[in-house]
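Quick notes on the structure that follows.
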Amino acid sequence: MSRLGLNPGMVVQEFGFDADVCEALRAGIEAVTGEKLVDEDFGDVTDFAIVWFREGDDDLADLLIDVQSLLDSGGQVLLLTPKAGHAGHVPPHTIQEGSSLGGMHATSTFVVDADWAATVLVEKGRSK
C-alpha cells in the first residue's frame, strides 16, 4: 500500500466493482485510509480512485475522463485489470492507448494477486 501514497482520511472511489475483485486489496486500502471505499455514485470530490477494468467493458478513455472529473487535483487512479491468461485480460497497448486518450500516463505497474495486475495512472504532465 505504501507505493500508492495512501494516507489516513483519504476518500477512495471505486469503479467497476464486481464479484471477481481482489477483496484483500480493497480491505488493505480501507485499513490504510481508515475509510470505507465509496462507489461510483458518490457525490463529492475524492482523493484517489481504483478502477476495475475488463476486456469488453465500456471505453477505457471515456471512463478515465469521467474518473478524473471526480478526483481532487493531483489525485491518482489505480487501474486494475485481469492478468494475462485470465478472462477479461486487457492488452497493454489498450491500457496505454486508453490512458493516453484519457489524459493520463502510467507511472508504475505491479501484480496485485494471482488474478489482477495494477497500473498507477496520473494526469499527463505530472510524475508520481
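Against the conditions (1) modelled with pLDDT under 95; (2) touching a Phe, Trp or Tyr at 6+ places or on another chain (Cβ under 8 Å); (3) at positive phi, Gly56 satisfies every one except (2).
Is one or more of the residues making up the range 113-125 of a type in the set (Asp, Glu), within 20 Å of Leu25 (Cβ to Cβ) and open to solvent by less than 50 Å² (accessible area, probe 1.4 Å)? Within the range 113-125, one or more residues are of a type in the set (Asp, Glu), within 20 Å of Leu25 (Cβ to Cβ) and open to solvent by less than 50 Å² (accessible area, probe 1.4 Å). Taking the criterion of being at positive phi and open to solvent by 40 Å² or more (accessible area, probe 1.4 Å), the only residue of the range 15-38 that qualifies is Gly34.
Considering each of Val12, Val67 in turn, give the residue that is among the β-branched types (Val, Ile, Thr), open to solvent by less than 20 Å² (accessible area, probe 1.4 Å) and touching a helix residue (DSSP H, G or I) at 6+ places or on another chain (Cβ under 6 Å).
On the way: Val67 fails: touching a helix residue (DSSP H, G or I) at 6+ places or on another chain (Cβ under 6 Å).
Exactly one of Val12, Val67 is among the β-branched types (Val, Ile, Thr), open to solvent by less than 20 Å² (accessible area, probe 1.4 Å) and touching a helix residue (DSSP H, G or I) at 6+ places or on another chain (Cβ under 6 Å), namely Val12.
From the list Asp41, Asp47, Asp72, which one is without any contact (Cβ under 8 Å) to a residue 12 or more places away in the chain and among the acidic types (Asp, Glu)? If you could, list the steps in order and put the result at the bottom.
Details: Asp47 fails: without any contact (Cβ under 8 Å) to a residue 12 or more places away in the chain; Asp72 fails: without any contact (Cβ under 8 Å) to a residue 12 or more places away in the chain.
From the options Asp41, Asp47, Asp72, the qualifying one is Asp41.
From the list Asp72, Asp41, which residue is charged (D, E, K, R) and either open to solvent by less than 10 Å² (accessible area, probe 1.4 Å) or touching a strand residue (DSSP E or B) at 6+ places or on another chain (Cβ under 9 Å) (or both)?
Values: Asp41 fails: either open to solvent by less than 10 Å² (accessible area, probe 1.4 Å) or touching a strand residue (DSSP E or B) at 6+ places or on another chain (Cβ under 9 Å) (or both).
Checking each option against the conditions leaves just Asp72.
Considering each of Asp58, Asp113 in turn, give the residue that is in a loop (DSSP other than H, G, I, E, B) and touching a residue at least 60 places away in the same chain (Cβ under 8 Å). Working first, answer last.
Values: Asp58 fails: touching a residue at least 60 places away in the same chain (Cβ under 8 Å).
Going through Asp58, Asp113 in turn, just one is in a loop (DSSP other than H, G, I, E, B) and touching a residue at least 60 places away in the same chain (Cβ under 8 Å): Asp113.
Within the range 81-101, is there a residue that is open to solvent by 80 Å² or more (accessible area, probe 1.4 Å), basic (Lys, Arg) and over 15 Å from Gln13 (Cα atoms)?
Here is the first cut: in the range 81-101, the residues open to solvent by 80 Å² or more (accessible area, probe 1.4 Å) are 85, 87, 92-93, 96-97, 101.
If we keep only those that are basic (Lys, Arg) too, we end up with none.
There is no residue in the range 81-101 that is open to solvent by 80 Å² or more (accessible area, probe 1.4 Å), basic (Lys, Arg) and over 15 Å from Gln13 (Cα atoms).
With respect to (1) open to solvent by 40 Å² or more (accessible area, probe 1.4 Å); (2) closer than 14 Å to Val12 by Cα, the lone exception for Phe48 is condition (1).
The values are calculated or read from the model by the stated rules, or taken from the named source; none is laboratory data. These figures come from a predicted structure and were not determined experimentally. Methodologically, a virtual Cβ is constructed for each residue, glycine included, from the backbone with ideal geometry; neighbour enumeration extends over all protein chains shown. To get the accessible areas, we keep the full protein, side chains included, count just its heavy atoms, and leave off ligands, DNA and RNA. Shrake-Rupley method; radii C 1.70, N 1.55, O 1.52, S 1.80 Å.
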